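The values are calculated or read from the model by the stated rules, or taken from the named source; none is laboratory data. Because the structure is predicted, anything quoted here is derived from the model rather than measured. FYI the Cβ positions are ideal-geometry reconstructions off the backbone, even for glycines, and counts take in every protein chain you see. Remember, those area values only see protein heavy atoms, side chains included, never the ligands or the DNA or RNA. Shrake-Rupley method; radii C 1.70, N 1.55, O 1.52, S 1.80 Å.
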Amino acid sequence: MAYDDLRSFLHALDKEGQLLRVTDEVVPEPDIAAAANAAPRMGDAAPALYFDNVRGFIDARIAMNVHGSWANHALALGLPKQTGAKAQVAEFIRRWEDFPVQPEWRAEPLWAANAVEGGDVDVFQVLPLFRLNDGDGGFYIDKAAVVSKDPEDPDNSDKQNVGIYRIEVKGKRRLALQPAPVHDIALHLRKAEERGEDLPVAIALGNDPVISIVAATPMAYDENEYELAGALRGAPAPIAKAPLTGLPVPWGSEVVIEGVVEGRTREIEGPFGEFTGHYSGGRSMPVIRIDRISYRTDPVFEHLYLGMPWTEIDYLMAANTCVPIHQELKRDFPEVQAVNATYTHGLVVIVSTKTRYGGFAKAVGTRVLSTSHGLGYAATVIVVDEDVDPFNLTQVMWALSTKMNPAHDLVRLPAMSVVPLAPQADTPGIVDKLIIDATTPVEPERRGDRSSRVRDLPEAGEWLTRLQRLAAAR
């Protein structure tokens, strides 16, 4: 089923037993963030959270942990909530084959019910803002889809961008944005500043669940996120034109903020508790001037807690990080079987592959580092044989334990690019990267003694099914 807005998805989660309504009065700090911090610890079927009795706010509605479990992520894709991580990645790959699906322009967007402009703009009057972690430098908006276009080719919808970036609230009409150099919006901003221009942006909050997934997907510069949303939904993504900037935004958003990233203007932004599980320090970042806010009546503020994994961000950026890397690798290396990049947005990537010849695994690992996502994120790549499931960490650890010899199976590449938020980097944005070859050597490689491999008995698969049926019948 395709959901056109956040509220219809929350209703579906409620119907499936995946929405927990907290009706007791809570204080915004620390209760709401602490609850969202705790929720994923309830397991792969952890619920979304909904708060509407928040001390200090007259009429707040706050949704947290909407994507914060494999069950919720499956329902977002229209799959049974029991669908596991590996199966969801496989289905994501299958639907990617339908990309692109053109979006559908719709009139009368839901967010057009109310609006404030110019000097009347006050983001604090629209959003019930609160800090997520004790050390955060201020209030943040961290699950909004930020829409921008290439200033040199604004009519080319393939070069527009829909991405999720952290946004610090600096004032009633002022926001700070952190675009990493590898992000498309950073390229848009650089082009605008080279032309001496501001960069128009639209910031959509409280979106249908697939929009959030594609906005967090590392796509190629000339790939349209709305067209991927259509492929994942199985139906065109509904969009509408933002009234001030003319940018295409989701039709069903709760709130749409329009303005410009002011060219050549920077202010200190941060610190912020990030997806890495560490705080990033204060840095000089671009500034957004808000010129208009449009919003639904009684808008729902969808927020996202992030910290030491696993939190909602790890579910949101899991399957959609694996798949683009998988698709790029398969084009060059058909032998690649699966990619697991679910750990901390792909700072570690595990690849299973058939081995064509000696040294092949190292070539596959090197290619991971040159994918669109690997350039800025993958810091460690582990390559395993085709019969090792990269989603089964017990099998991966077995491969590392028995096949990797540090004498010749580690490839270190010095001074490579990484997202500046990576805390292991001595210099922000630069890190040594590592490829670990944990595959069985083939000719002409001769190393170790692995000639007597124990393999599953042929009847083991049949017996697994038989035992599962017996257990279910108890």
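Which residues, taken from segment 123-148, are open to solvent by less than 10 Å² (accessible area, probe 1.4 Å) and polar (S, T, N, Q)?
Hit for segment 123-148 is S148, nothing else.
Tally time: how many residues in segment 166-183 are surrounded by fewer than 23 Cβ atoms within 10 Å (Cβ to Cβ), at pLDDT 95 or above and not aliphatic (A, V, I, L, M)?
5
Take segment 370-384 and flag every residue that is free of Cβ contacts under 8 Å to residues at least 60 places away in the same chain, more than 11 Å from T321 (Cβ to Cβ) and of a type in the set (A, V, I, L, M). I'd like the intermediate steps shown before the answer.
Residues of segment 370-384 free of Cβ contacts under 8 Å to residues at least 60 places away in the same chain: 370-371, 374, 378-384.
Within this subset, residues satisfying the condition of being more than 11 Å from T321 (Cβ to Cβ) are 370, 379-384.
Answer for segment 370-384, where residues must be free of Cβ contacts under 8 Å to residues at least 60 places away in the same chain, more than 11 Å from T321 (Cβ to Cβ) and of a type in the set (A, V, I, L, M): A379, V381, I382, V383, V384.
At negative phi and surrounded by fewer than 24 Cβ atoms within 10 Å (Cβ to Cβ) - does that describe any residue in segment 200-208? Reasoning before the result, please.
Initially, segment 200-208 is screened for residues at negative phi, giving 200-205, 207-208.
Narrowing further to those that are surrounded by fewer than 24 Cβ atoms within 10 Å (Cβ to Cβ): 200.
Checking segment 200-208: at least one residue is at negative phi and surrounded by fewer than 24 Cβ atoms within 10 Å (Cβ to Cβ).
Inside segment 43-56, can you point out the residues that are buried (at least 17 other Cβ atoms within 10 Å of the Cβ) and more than 11 Å from G17 (Cα to Cα)? First the steps, then the outcome.
Here is the first cut: in segment 43-56, the residues buried (at least 17 other Cβ atoms within 10 Å of the Cβ) are 44, 46-51, 54.
Selection gives D44, L49, Y50, F51, V54.
Looking at V66, V89 in this structure, which one is part of a loop (DSSP other than H, G, I, E, B) and open to solvent by less than 30 Å² (accessible area, probe 1.4 Å)?
Only one candidate qualifies: V66.
Among the residues of segment 319-337, is there at least one that is basic (K, R), modelled with pLDDT of 95 or more and touching a helix residue (DSSP H, G or I) at 6+ places or on another chain (Cβ under 8 Å)?
no
Only residues that are buried (at least 18 other Cβ atoms within 10 Å of the Cβ) and of a type in the set (D, E, K, R): list them for segment 306-360, please.
E312, D314, E328
Every residue, every condition in (1) buried (at least 17 other Cβ atoms within 10 Å of the Cβ); (2) in contact with a Leu (Cβ under 9 Å, 6 or more places away or on another chain), yes or no:
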residue	(1), (2)
Q18	yes, yes
E108	no, no
A113	no, no
V121	yes, no
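Scan segment 339-379 residue by residue and report those that are of a type in the set (V, I, T) and either part of a loop (DSSP other than H, G, I, E, B) or under 16 Å from M317 (Cα atoms) (or both).
Matches in segment 339-379: V339, T342, T344, V348, V349, I350, T355, T371.
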